[in-house]
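First the structure, in the form of structure tokens, and then the observations on it.
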Amino acid sequence: MKEEKIVTGVVTQVLEDKIVVNVDNTFYDCPLKMISDYPVDPFKFFTVGTRYRFLLINKSVISYKDLRPKLLKNRRKPIPTVSGSKNLEKHLLEIIGEKKNM
């Protein structure tokens with residue numbers, strides 16, 4: 001998995017094609033395609049001054065939908081998300097611990 005990180009940021013600006021988020025005094029763009037695979041009105045979806053969780057993808061872009069699988073369009077095959085990977089790792093470590101105790 002890439003060096004992706006979950007961050008909490010405050011929405012500072014809502015535009016038609018993106019939102020601008022302040023994370024620890026650093027501003028990131030979240031383009032409309034990184035909010036949802038479905039048509040969404042960012043003005044109804046986000047409120048300026050409210051905190052949301054995002055996935056930091058690189059030095060200037062963050063993603064809202066990658067932490068929320070319901071916003072992803074393709075549900076036929078598993079799509080790797082950060083929370084899914086963490087849950088899988090936790091489950092596998094539990095299984096390995098049970099096997100060692102046998």
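The values are calculated or read from the model by the stated rules, or taken from the named source; none is laboratory data. None of these values were measured; they are calculated from a predicted model. Glycine also receives a Cβ, built like all others from the backbone with ideal geometry; neighbour counts cover every protein chain displayed.
Name every residue in the stretch 28-66 that is acidic (Asp, Glu) and touching a helix residue (DSSP H, G or I) at 6+ places or on another chain (Cβ under 6 Å), in order of residue number. Result: no residue meets the conditions.
None of ILE79, ILE62, ILE57, ILE95 is among the hydrophobic types (A, V, I, L, M, F, W, C) and modelled with pLDDT under 80 except ILE79. Within the stretch 61-90, residues that are of a type in the set (D, E, K, R) and assigned to a helix (DSSP H, G or I) have Cβ atoms under 8 Å from residues that are modelled with pLDDT under 70 and surrounded by 14 or more Cβ atoms within 10 Å (Cβ to Cβ) in these pairs: ASP66/THR81; ASP66/VAL82, counting only partners at least 6 apart in sequence or on another chain. Selection of the stretch 7-59 for residues being among the β-branched types (Val, Ile, Thr), loosely packed, with under 14 Cβ neighbours inside 10 Å and within 13 Å of the chain's Cα centre (by Cα) yields only THR8.
Here is a yes/no grid of residues against (1) under 13 Å from LYS65 (Cα atoms); (2) at pLDDT below 90; (3) small (Gly, Ala, Ser):
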{"position": "MET1", "(1), (2), (3)": "no, yes, no"}
{"position": "LYS5", "(1), (2), (3)": "no, yes, no"}
{"position": "THR12", "(1), (2), (3)": "no, no, no"}
{"position": "ASP17", "(1), (2), (3)": "no, no, no"}
{"position": "ASN22", "(1), (2), (3)": "no, no, no"}
{"position": "ASN25", "(1), (2), (3)": "no, no, no"}
{"position": "SER36", "(1), (2), (3)": "yes, yes, yes"}
